[in-house]
Amino acid sequence: MFTEITGATKKRMQLLEQIDARDRIDGTETSQRLKQIPPETGKFLALLAANCPDHGEFVEIGTSAGYSSLWISLALQQRGAKLKTFEILPEKIRLAQETFRAAGVTDRIELIEGDFLEKGKSLGEIAFCFLDCEKHIYVKCFDMIATKLVRGGLLIADNAIDHADAMKPLMEKAQSDDRFDCLTVPIGKGEFVCRRK
Ligand SMILES: C[S@@+](CC[C@H](N)C(=O)[O-])C[C@H]1O[C@@H](n2cnc3c(N)ncnc32)[C@H](O)[C@@H]1O
């Protein structure tokens, strides 16, 4: 997987890494920033996605410019599966479209425009979900995803360490739900991994 990243994908990843790093120091307003995961989290997500159950959809909530989608999509090539990624902001949608075109992955990634809480209702069974949007809707997203996750399916929520307070309602809810085994993994900004039993 990691040794087979195409030149076009690598090039786009590097460009987005540069924009993200610049955003964080040049005073770019928070809503305009890419706020993407670091590369080690991308690799972690790809490894988890590669080992998810055979049936069920691959989903991402919060696309931004498509950086994490590119990492997850590495696992989908070998599985012949497709990622559905949801983004609400028009400017981010435009950037993500550019990313998927430039990286040549439009056959592997479907960008769904709009609010996940509305658009996500039509999803079927889910094998993998990366949750990386506004923290105040994490619990609502969890409720929507939890009932659709197949046995052995994974829900991974970003920012478990750097936004520990905002993540508390989701973590407490998932940890007290008998259907899940949960663990916070100290990689990147902290990944809260929930596996459906
Ligand atoms: C932290 S960024 C995602 C970063 C991306 N996962 C990455 O690592 O490259 C969060 C994104 O979620 C989007 N978002 C927030 N609320 C949303 C919602 N209700 N539905 C879909 N997207 C949403 C934001 O516009 C923003 O682009």
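Just name the residue that is nearest to the ligand (Cβ to nearest atom) out of those in segment 60-72 that are within 20 Å of residue 124 (Cα to Cα) and touching a residue at least 60 places away in the same chain (Cβ under 8 Å). Ranking the qualifying residues of segment 60-72, first place goes to 62.
Please indicate, with yes or no, whether at least one residue in segment 39-59 is touching a strand residue (DSSP E or B) at 6+ places or on another chain (Cβ under 8 Å) and of a type in the set (Val, Ile, Thr). Within segment 39-59, one or more residues are touching a strand residue (DSSP E or B) at 6+ places or on another chain (Cβ under 8 Å) and of a type in the set (Val, Ile, Thr). Can you tell me which residue within segment 21-42, out of those that are in contact (Cβ under 8 Å) with a residue 60 or more places away in the chain and of a type outside the set (A, V, I, L, M, F, W, C), is surrounded by the most Cβ atoms within 10 Å (Cβ to Cβ)? Among those residues, the one meeting the criterion is 41.
When segment 117-138 is examined, which residues are found to be surrounded by 22 or more Cβ atoms within 10 Å (Cβ to Cβ) and farther than 21 Å from residue 70 by Cβ? 138, the sole residue that qualifies. The set of residues from segment 22-59 being among the aliphatic types (A, V, I, L, M) and within 13 Å of the ligand (Cβ to nearest atom) comprises 34, 37, 45, 46, 59. Scan segment 162-189 for residues that are touching a strand residue (DSSP E or B) at 6+ places or on another chain (Cβ under 7 Å) and not small (Gly, Ala, Ser) and the total you get is 12.
For segment 43-80, the set of residues classified as buried (at least 19 other Cβ atoms within 10 Å of the Cβ) and among the small types (Gly, Ala, Ser) consists of 46, 49, 56, 62, 64, 65, 66, 68, 69, 73, 75, listed by residue number. Here residue 114 meets the list (1) surrounded by 16 or more Cβ atoms within 10 Å (Cβ to Cβ); (2) in contact with an Asp or Glu (Cβ under 9 Å, 6 or more places away or on another chain); (3) not hydroxyl-bearing (Ser, Thr, Tyr) almost entirely, failing just condition (1). When the test is whether a residue is at negative phi and away from the ligand (no atom under 16 Å from the Cβ), residue 124 passes it. Candidates in segment 143-160 are the residues that are in contact with a strand residue (DSSP E or B) (Cβ under 7 Å, 6 or more places away or on another chain) and within 16 Å of the ligand (Cβ to nearest atom); of these, the one that is nearest to residue 114 (Cα to Cα) is 145. Every test in (1) more than 23 Å from residue 119 (Cα to Cα); (2) modelled with pLDDT of 95 or more is passed by residue 56 save one, and that test is (1). Residue count for segment 84-121 satisfying the condition of being more than 8 Å from the ligand (Cβ to nearest atom), basic (Lys, Arg) and touching a residue at least 24 places away in the same chain (Cβ under 8 Å): 2. Answer yes or no: is there a residue in segment 11-19 that is in a loop (DSSP other than H, G, I, E, B), surrounded by 20 or more Cβ atoms within 10 Å (Cβ to Cβ) and within 16 Å of the ligand (Cβ to nearest atom). Within segment 11-19 (the criterion being in a loop (DSSP other than H, G, I, E, B), surrounded by 20 or more Cβ atoms within 10 Å (Cβ to Cβ) and within 16 Å of the ligand (Cβ to nearest atom)), the answer is no, since none of the residues qualifies.
The values are calculated or read from the model by the stated rules, or taken from the named source; none is laboratory data. Quick caveat, the model's predicted, so the values are computed rather than measured. Counting neighbours? That spans all protein chains shown, and the Cβs are built from the backbone with ideal geometry, glycine included.
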